[in-house]
Amino acid sequence: MTTDVRTDGGSAGTTATDNGDLVLDAAGVTLRFGGVTSLNNVELRMHRGEVLAVIGPNGAGKTSLFNSLTGAYTPQEGRITYRPSQGGEHELLGRKPHLVSRLGVSRTFQNIRLFGALTALENVKIAAETRLKAGPVSIMLGLPNARKAERDSDRKAHEVLSFVGLVDKLNELAGSLSYGDQRRLEIARALATDPQVLLLDEPAAGTNPTEKLELEQLIRRINRDLGVSVLLIEHDMRLVMSVADRVMVLNFGKKIAEGTPSEVQQNPAVIEAYLGAVAEEDTAAVAETIAAHEAAETDADTDDTDDTDDSAGGSDGPGKERE
Amino acid sequence: MSDATKTTNLTVAQQLREVRWYQQPRWRRLGALLSLGLLMSMVTGVQGTHNDIFYAVRENFSDGSVAVWLGLALLVWAVREFASAPFTSSARKVKGTLVTPLGAVGRLWSTERWVRWGVIAAFAAILVWGPMGLSRFWQTVLVDQIAIYLLVAVGLNVVIGWAGMLDLGFIAFFAIGAYSAAFWTGALPVQPPVVLNNFLVIPLAVITCLIAGVLLGAPTLRLRGDYLAIVTLGFHEIVYLAAKNLGDVTGGTSGVKVDRWHIDLGFWTYEWNVIDQMPFYWLLLAFIAIVVFLFIRLEHSKVGRAWTAIREDEVAAASTGVDTVRYKLMAFAIGASTSGIAGVAYASKVGYINSENFVILLSILVLSYVIFGGMGSIPGVLFGAAFLVWLPEFLRDFVDPKDRHMYLGALLVVMMIYRPQGVIPSRRRQRELEMAEAGTGGADATGPASGRQS
Ligand SMILES: Nc1ncnc2c1ncn2[C@@H]1O[C@H](COP(=O)(O)OP(=O)(O)O)[C@@H](O)[C@H]1O
Ligand SMILES: [Mg+2]
């Protein structure tokens with residue numbers, strides 16, 4: 001392992017794709033639930049500043065991987081190393097979720113989990129102020145440092161909300177926003193913690209085509225303008241192909257392929273995972289079928305009732321039924 | 001099944017017409033009013049006896065008063081259902097004449113500074129000097145009970161209303177505060193290293209309760225909702241039984257005499273005495289005002305937001321960087337220390353405590369004050385505690401004193417059916433309830449939203 005920790009002190013690298021600069025480096029991650037192995041010896045190497053997409057059929061273990069990276073689940077085996085741009089190495093496996101977030105790895109949820117009874121601004125402020133030092137006593141006494149913390153979190157929240165384009169909805173309740181706005185608010189909340197790695201779990205699920213385009217722009221801006229590395233779970237192949245630098249494919253908890261979007265699309269193992277048959281045909285046609293299948297799956301995914309894997313795709317996906 | 005398809009195809013209007021006659025709301029209202037009539041005839045009539053449990057029922061339902069009450073109920077119902085037009089129009093007129101000036105004041109309130117301060121000053125003046133006009137009995141109730149339980153309820157509100165943890169043993173901290181006061185003022189059979197003035201005991205009681213709160217909280221905060229409630233219940237029993245059975249230390253059931261509030265500066269001394277209740281009242285009013293002021297700041301700060309986040313979705317809060325364990329402990333400790341201050345205040349006012357001042361019933365009652373007034377809302381909790389402490393004392397003149405809590409219970413049942421969010425609900429809590437009802441949120445009364453992941 002190259003230990004060039006202080007490669008580009010301070011600024012998050014923009015196009016650093018040399019093999020040494022890994023912001024997330026996981027190996028041998030294995031997560032079991034009783035008899036179910038949702039992650040089987042998974043390896044993840046994420047370069048600083050890249051957009052890495054994770055794709056795979058439903059139940060492949062994508063969300064489990066996110067949960068393991070952010071401390072929500074503790075895998076039985078493996079290690080997950082995080083290297084922030086300011087140097088140092090941190091083991092994320094088994095770390096408490098709020099500590100992972102403070103280190104600079106932030107996430108959104110597949111099924112939106114906003115604080116519905118709070119306003120958009122309050123949702124973001126909660127994230128913005130977790131690192132600010134102001135205890136309950138200084139707040140109750142109205143000491144200057146508490147006031148400053150309040151002002152700082154307010155400013156930060158306004159900044160982030162205008163970045164994602166929600167400034168005009170500051171005071172609306174999170175629970176009453178439109179679906180697309182809720183997705184953006186979740187991203188804003190995640191960004192307010194000043195992450196270096198942002199994990200987006202199906203951010204386009206349930207959004208309309210316009211919102212999808214906006215989301216695509218937003219992910220690009222987060223990556224380029226803020227220099228945040230993005231790990232993206234997404235079923236919409238068009239979106240994945242357009243924003244991702246690299247793609248990794250999971251199936252039955254195993255990584256079956258990794259590479260550039262076009263490489264992955266032509267990979268026989270991937271095609272098999274998606275179609276359940278060995279198809280060595282015209283790759284364009286296959287890619288199209290994948291897109292159609294995924295679109296259908298995404299639609300089925302939008303409602304929270306779990307009877308997904310319907311026959312809308314025409315092909316019988318080999319992916320296990322979700323729970 | 002043709003029947004099923006028929007009902008599903010009906011429009012709302014059709015459904016209303018198809019509803020059976022007895023399912024119509026007006027008959028339900030009649031039923032409710034008649035029950036109220038029966039209840040009123042019981043409340044106002046002769047009270048029960050041990051020897052014959054049906055005595056009161058027989059007596060009250062056989063004399064004419066029950067007929068009067070039922071007739072009254074019927075009349076109210078008939079007027080409301082069939083002849084309400086003249087009443088509503090005149091009510092609207094009355095409302096109009098009232099609302100216009102009130103609305104004007106309301107507008108001025110938000111624009112003019114002096115109106116705001118004027119109203120606040122008038123309200124404060126009533127709070128400060130108003131009770132001078134009360135009878136001695138009501139002054140005592142106000143100080144010994146209402147003011148003390150206001151403090152306790154405001155503390156419990158932090159734990160249950162803001163952080164969403166169900167605490168059924170909150171009076172345990174009240175007891176710890178009271179016994180701290182007794183110990184440090186030298187009232188207990190065991191003597192303290194130095195005997196302190198009651199006022200100096202307050203910080204010590206706060207620290208003791210903080211420690212007790214953290215000791216109870218640290219191992220149990222991993223537990224959710226119901227389990228935490230059981231643990232707090234157990235904690236209360238431990239504290240109560242220790243107070244009761246460790247007679248050599250605590251004075252047990254026979255109790256100990258505690259010095260009342262006093263200031264002794266050497267050149268100047270002042271003693272609060274039982275001849276006049278008002279100085280006690282002013283002292284407690286100051287405590288309550290300070291605590292409420294500090295807590296309002298807390299509610300609208302980082303801490304209050306973090307508590308709401310934890311209550312709504314603990315998983316999301318944690319991945320947003322909120323240290324959930326720390327904030328829950330903080331809520332526990334802040335609530336406990338408020339209750340501890342109330343305990344000191346109680347011991348130093350009444351001048352005597354024994355273990356029976358801290359029975360489990362009080363924990364449950366304080367919980368009901370918070371829920372009745374509106375969890376999470378400080379005005380609500382203040383109102384709930386004041387009203388529900390006042391009510392049984394008020395009923396004393398009308399019903400058998402032993403039955404007073406029965407009526408309190410009935411009121412709570414009705415309240416929870418028709419207005420579960422409380423009298424003056426907090427905005428955040430109300431929204432959570434609405435969302436839960438609409439099926440868009442996971443909020444229940446106490447616990448955090450159950451985590452779903454897929
Ligand atoms: N908390 C859990 N308990 C039991 N099984 C789980 C849990 N979380 C995930 N799984 C299982 O792990 C597998 C992967 O699920 P998931 O990570 O949600 O897939 P994806 O996000 O790719 O659709 C599924 O078989 C699922 O049932
Ligand atoms: Mg998933």
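The numbers here are math on the coordinates, done by the rules we state, and not lab data. Here the structure is a predicted model, which means the values were calculated and not measured. Because the Cβ atoms are built from the backbone with ideal geometry, glycine has one as well, and the counts that use them run over all protein chains shown.
Taking the alpha-carbon centroid of each part, what is the distance from the stretch A:90-154 to the stretch A:181-244 in angstrom?
The stretch A:90-154 and the stretch A:181-244 have Cα centres spaced 21 Å from each other.
Would you mind computing Rg(Cα) / (2.2 N^0.38 Å) for chain B, counting N as its residues? The partial results should precede the final answer.
Values: Rg = 25.7 Å, N = 454, 2.2 N^0.38 = 22.5 Å.
Rg over 2.2 N^0.38 Å, computed on Cα atoms: 1.14.
On a C-alpha basis, how far is the centre of the stretch B:115-150 from the centre of the stretch A:18-59 in Å? Whole number, if you could?
First find each Cα centre; the distance between them is then 64 Å.
Can you give the mean number of other chain Cβ atoms that lie within 10 Å of the Cβ atoms in peptide A:171-180? Could you put the intermediate results ahead of the total?
Numbers: counts 0, 0, 5, 2, 8, 3, 0, 0, 0, 0.
Partner Cβ neighbours, averaged per residue: 2.
Under 21 Å from the Cα of A:LYS62, which lysines turn up, not counting those fewer than eight places away in the same chain?
Leaving aside lysines fewer than 8 places away in the same chain, those within reach of A:LYS62 are A:LYS96, A:LYS212, A:LYS254, A:LYS255, A:LYS320.
Output wanted: per-residue J couplings in Hz (rounded whole) for the stretch B:155-163, from phi through Karplus 6.51 cos²θ - 1.76 cosθ + 1.60, θ = phi - 60°, x for Gly and Pro.
Taking θ as phi minus 60°, the curve returns x, 5, 4, 4, 6, 8, x, 9, 8 Hz for the stretch B:155-163.
Which of rounded, prolate, oblate describes the stretch B:316-381, given a ≥ b ≥ c as roots of the alpha-carbon gyration tensor eigenvalues and a/c under 1.5 marking rounded, otherwise prolate only if a/b is larger than b/c?
Details: a/c = 2.71, a/b = 1.87, b/c = 1.45.
Prolate, since a/c reaches 1.5 and a/b exceeds b/c.
Rounded if a/c is under 1.5, else prolate if a/b is larger than b/c, else oblate: which is the stretch B:12-107, with a ≥ b ≥ c the root eigenvalues of its Cα gyration tensor? Walk me through the numbers before you get to the answer.
Working: a/c = 2.85, a/b = 1.51, b/c = 1.89.
Judged from the Cα gyration tensor, the stretch B:12-107 comes out oblate (a/c at least 1.5, b/c at or above a/b).
Please list, in chain and number order, the residues 5+ apart from A:VAL51 or on another chain whose amide H is under 5 Å from its amide H, with Hs placed from the backbone.
Answer set, sorted by chain and number: A:VAL230, A:ASP245, A:ARG246.
Defining a contact as two alpha carbons under 8 Å apart and six or more residues distant in sequence, what relative contact order in percent does the stretch A:114-193 show?
Working: 97 pairs, mean separation 39.6, N = 80.
It rounds to 49 percent for the stretch A:114-193.
Percent relative contact order of chain B, based on C-alpha pairs within less than 8 angstrom and at least six residues apart? Present the calculation step by step, with values, prior to reporting the outcome.
Details: 604 pairs, mean separation 97.5, N = 454.
RCO, chain B: 21 percent.
Give, in whole angstrom and from largest to smallest, the semi-axes √(5λ) of the equivalent ellipsoid of the stretch B:201-269, with λ running over the eigenvalues of the Cα gyration tensor. Please list the in-between numbers first.
Values: eigenvalues 208, 71, 14 Å².
Result for the stretch B:201-269: semi-axes of 32, 19, 8 Å.
Could you derive backbone 3J(HN,Hα) for the stretch A:260-272 from the dihedral phi with the Karplus parameters 6.51, -1.76 and 1.60 (θ = phi - 60°), listing whole Hz in sequence and x where the residue is Gly or Pro?
5, x, 6, 4, 5, 5, 9, 6, x, 5, 5, 4, 5
Round to the nearest 10 and give me the degree value, 0 to 90, for the angle of helix B:64-82's Cα axis relative to the longest principal axis of chain B.
60 degrees
Amide H of B:LEU246: which non-local residues (sequence gap of 5 or more, or other chain) have their own amide H closer than 5 Å, using H built in the peptide plane?
Counting only residues 5 or more places away or on other chains, the set is empty.
Just how many pairs of Lys in chain B have C-alpha atoms closer than 27 Å, counting pairs that are eight or more places apart or on different chains? All intermediate terms of the calculation are to be shown ahead of the outcome.
On the way: B:LYS244/B:LYS257; B:LYS244/B:LYS349; B:LYS244/B:LYS402; B:LYS257/B:LYS349; B:LYS302/B:LYS328; B:LYS349/B:LYS402.
Qualifying lysine pairs in chain B: 6.
Which order results if B:SER339, B:SER377 are arranged by neighbouring Cβ count within 10 Å, fewest first? All intermediate terms of the calculation are to be shown ahead of the outcome.
Numbers: B:SER339 32, B:SER377 25.
Lowest to highest Cβ neighbour count: B:SER377, B:SER339.
How do B:PHE61, B:PHE280 rank when sorted from fewest to most other Cβ atoms within 10 Å of their own Cβ? Provide the component values of the computation, followed by the final result.
Numbers: B:PHE61 15, B:PHE280 24.
Ranking B:PHE61, B:PHE280 by Cβ neighbours within 10 Å, fewest first, gives B:PHE61, B:PHE280.
For the stretch B:197-210, take each phi angle, set θ = phi - 60°, evaluate the Karplus expression 6.51 cos²θ - 1.76 cosθ + 1.60, and give the result in whole Hz per residue in order, putting x for glycine and proline.
Values per residue, Gly and Pro as x: 6, 3, 5, 6, 6, 3, x, 5, 5, 4, 5, 4, 5, 4 Hz.
State, as an integer percentage, the relative contact order of the stretch B:12-107 based on alpha-carbon contacts under 8 Å between residues 6 or more apart.
On the way: 43 pairs, mean separation 25.6, N = 96.
Dividing the mean separation by the residue count of the stretch B:12-107 yields 27 percent.
I'd like the distance between the alpha-carbon centres of the stretch B:277-340 and the stretch B:160-233, rounded to an integer number of Å.
What the calculation gives is 15 Å, centre to centre.
What Kirkwood hydrodynamic radius, in Å, does the stretch A:114-193 give when the mean of 1/r is taken over all pairs of distinct Cα atoms and then inverted?
Values: mean 1/r = 0.0789 Å⁻¹.
Radius from the Kirkwood sum: 12.7 Å.
Once you average over the residues of B:296-306, how many Cβ atoms of partner chains fall within 10 Å of each Cβ?
Working: counts 1, 6, 4, 0, 3, 12, 14, 7, 3, 8, 4.
Per residue, the number of nearby Cβ atoms from other chains is 6 on average.
Could you tell me what fraction of 2.2 N^0.38 Å the Cα radius of gyration of the protein assembly as shown comes to, as a two-decimal ratio?
Details: Rg = 31.9 Å, N = 777, 2.2 N^0.38 = 27.6 Å.
Against the empirical 2.2 N^0.38 Å value, I get 1.16 for the protein assembly as shown.
For helix B:404-418, report the angle its Cα long axis makes with the longest principal axis of the Cα atoms of chain B; keep it between 0 and 90° and round to the nearest 10°.
60 degrees
With a 10 Å Cβ neighbour count serving as the proxy for reagent exposure, in which order, fewest first, do B:TRP307, B:TRP184, B:TRP138 appear?
Working: B:TRP307 29, B:TRP184 23, B:TRP138 16.
Fewest-to-most ranking of B:TRP307, B:TRP184, B:TRP138: B:TRP138, B:TRP184, B:TRP307.
Out of all DSSP beta bridges with both ends in the protein assembly as shown, state the antiparallel percent to the nearest 5.
On the way: 26 of 42 bridges.
Percent antiparallel among DSSP bridges in the protein assembly as shown is about 60.
Between B:ILE296 and B:ASP52, what length comes free when the chain is fully extended (0.36 nm per residue of separation minus the Cα-Cα distance, one decimal in nm)?
Working: separation 244, 0.36 × 244 = 87.84 nm, distance 5.18 nm.
Answer, rounded to one decimal: 82.7 nm.
Test of understanding: what is the full-extension gain from B:LYS402 to B:ARG222, defined as 0.36 nm times their sequence separation minus their Cα-Cα distance? It would help to have the intermediate numbers written out before the result.
Details: separation 180, 0.36 × 180 = 64.80 nm, distance 4.00 nm.
Computed gain between B:LYS402 and B:ARG222 is 60.8 nm.
With each label point set 7 Å from Cα along the Cα-Cβ vector, what nm distance links B:LEU412 and B:THR111?
4.6 nm
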